[in-house]
Amino acid sequence: MIYLLKFGASFVLPPGIFFVLFFGIAFWAWRRRARHIAAALFAVTFAFYLLSTSLVSEALLRGLETQYDPPAYPAGDVIVMLGGGAMADTPDVDGVGTLAPSPANRLLTVARLWRRLHVPILLSGGQVYADSGAEAIIARRVLVGLGVPEEDILLETESKTTTQNARYSAQILRERGFTRPILVTSAFHLPRAVLNFEKQGIEVIPYPADFWTNRTPRQFHYSRLRPQSAALSDSAVVLQERLRAIVTLVFE
């Protein structure tokens, strides 16, 4: 019963209520014999509805996240972590400023890899907006708090995009003589990140982190067809990654 109540409630709250509204308008247009308008409105609304379901969003995410497996025995001479957002003035255990959820998960993977390999860490990420945090600097403070020596941490603080992450990190890697970088970023982001490093002539060892969905599809349940804003956001992230990868291939 609880699943049925959640399913029904999802159609009286955003974004579900808007799908109900637009399906209603499409039906009204059909009854008014505006068949082409009705069909177009129905198709667009249905597409957005599908993208807002976890059934579809997880399938889309899985298509990105399963492209690389974490190496069972990673071996590199430096760990490179890409930023992904930070807050400038939020309180933290040992200072001010925190990483967004995705880069925080990436950093946890980096810290664990460092404990295994004890190689330098290159943190790539600048301050994207005037009111956002300086990503690499905040990440360094957190790593030091976790026991990583500051002398083992290198910073790249100028980049604001994945393309710049790769370009500026490549310069540091060449200057320092690193040849086997382990690239850590979110699993959904890794295919595009690897592509950008390849564009810079850098062969990386991909190490996915921050997974957003199970690798094995979950058992079907009708509740996974309820519209959710989080699922729509996840679908948008995947479409954005696909589009930006095309732009990287064609124009950069």
Item checked: Reduced Cα scattering model of the stretch 1-81, Debye log10 I(q)/I(0), q = 0.17 Å⁻¹ -> -0.82
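Give the accessible surface of the stretch 212-252 per residue, rounded to a whole number of Å², with probe radius 1.4 Å and ligands, DNA and RNA excluded.
Details: 2770 Å² over 41 residues.
Dividing the accessible area of the stretch 212-252 by its residue count gives 68 Å².
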Check: Relative to the longest principal axis of the chain, what angle (0 to 90°, nearest 10) does the C-alpha long axis of helix 162-176 take?
Finding: 10
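Using the heavy atoms of the protein chains alone and a 1.4 angstrom probe, what is the accessible area of the stretch 97-145 per residue in square angstrom? Before the final figure, lay out the partial values.
Working: 2130 Å² over 49 residues.
For the stretch 97-145, the solvent-accessible area averages 43 Å² per residue.
Please tell me the relative contact order of the stretch 1-137 in percent, rounded to the nearest whole number, where contacts are Cα pairs under 8 Å and at least six residues apart.
Working: 132 pairs, mean separation 24.8, N = 137.
Value for the stretch 1-137: 18 percent.
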Margin query: Counting just the Cα atoms, what span does the chain cover along each of its three principal axes? Round to the nearest Å and put the largest first.
Written below: 70, 42, 39
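Kirkwood hydrodynamic radius, computed over distinct alpha-carbon pairs, for the stretch 143-252: how many Å, to one decimal?
Working: mean 1/r = 0.0609 Å⁻¹.
Hydrodynamic radius (Kirkwood, Cα pairs) of the stretch 143-252 is 16.4 Å.
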Check: Given Cα pairs under 8 Å that are at least 6 residues apart, what percent is the relative contact order of the chain?
Finding: 27
Next item on the list: Mind putting a number on the dipole of the stretch 36-118 about its Cα centre? Charges go on the C-beta only, +1 for Lys and Arg and -1 for Asp and Glu, and I need it in Debye to the nearest 20.
Entry: 200
Notebook entry, point to check: Quick one: in the stretch 103-184, what % of C-alpha pairs are over 18 Å apart?
Noted result: 40
Margin query: Suppose accessible area is computed on protein heavy atoms with a 1.4 Å probe; arrange 94, 234, 89, 69 from highest to lowest.
Written below: 89, 69, 94, 234
Check: Roughly to the nearest percent, how much of the accessible area of the stretch 1-78 is carbon and sulfur, given a 1.4 Å probe?
Finding: 74
Check: With labels modelled as points extended 7 Å from the Cα through the Cβ direction, what inter-label distance (nm, one decimal) is found for residue 223 paired with residue 17?
Finding: 2.3
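Under the classification rounded if a/c is under 1.5, otherwise prolate if a/b is larger than b/c and oblate if not, where does the stretch 85-130 fall, given a ≥ b ≥ c as square roots of the Cα gyration tensor eigenvalues?
prolate
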Notebook entry, point to check: How much of the accessible area of the stretch 134-226, in percent, comes from carbon and sulfur atoms when a 1.4 Å probe is used?
Noted result: 48
Next item on the list: Send over a whole-number figure in Å² for the accessible area per residue of the stretch 15-89, probe 1.4 Å.
Entry: 56
Margin query: To the nearest 20 Debye, how big is the dipole of the stretch 135-209 about its Cα centre, given +1 on the beta carbon of each Lys and Arg and -1 on that of each Asp and Glu?
Written below: 220
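The values are calculated or read from the model by the stated rules, or taken from the named source; none is laboratory data. The model shown is predicted, which means the values in this text are computed figures rather than measured ones. Neighbour counts are summed over all protein chains in view; Cβ atoms, including those assigned to glycine, are modelled from backbone coordinates with ideal geometry. Note: areas computed on protein heavy atoms with side chains; ligands, DNA, RNA excluded. Shrake-Rupley method; radii C 1.70, N 1.55, O 1.52, S 1.80 Å.
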